[in-house]
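This report concerns only the one structure given below.
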Amino acid sequence: MPKTAEDEPVPERRVAFGLRLRRLRTEADLSQTAVASAAGLDRSYYAHVEAGRYSISIDKVFKIADALKVDPSHLFVDLSN
């Protein structure tokens with residue numbers, strides 16, 4: 001049986017980034033729907049980013065930072081190597 005993308009392990013840094021997004025979102029008392037909408041993203045896509053399943057472009061990083069009202073560099077604070 002061929003492997004699918006879901007069978008592949010998720011890189012730790014991507015998981016850490018997703019957890020950072022989730023923490024910032026919950027601290028701002030925002031739903032995934034609110035952040036995704038403000039960033040011009042589909043909610044399910046954003047949920048996959050938070051879960052570390054999707055690797056995103058720098059353009060989307062900037063959109064998410066704007067939606068969370070934080071400097072984009074703030075999204076990368078406290079990420080483990």
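Where a number appears in this text, it was derived from the coordinates with a stated rule and is not lab data. Please read all numbers here as calculations on a predicted model, not as lab measurements. Positions of Cβ are backbone-derived with ideal geometry, glycine not excepted, and every protein chain shown enters the neighbour counts.
The table that follows gives values for the structure above.
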| read-out | value |
| --- | --- |
| Student exercise, the chain dipole from Lys, Arg, Asp, Glu Cβ charges, in Debye to nearest 20 | 40 debye |
| Residue among 68, 21, 30 with the largest mean-square fluctuation in a Gaussian network model of the chain, springs linking Cα atoms under 10 Å | 30 |
| Spin-label model distance (nm) - residue 57 vs residue 38, 7 Å beyond Cα toward Cβ | 2.2 nm |
| Over 15 Å [Cα-Cα, the chain], rounded percent | 54 percent |
| Gaussian network model of the chain, springs between alpha carbon atoms under 10 Å - residue of 15, 61, 49 with greatest fluctuation | 61 |
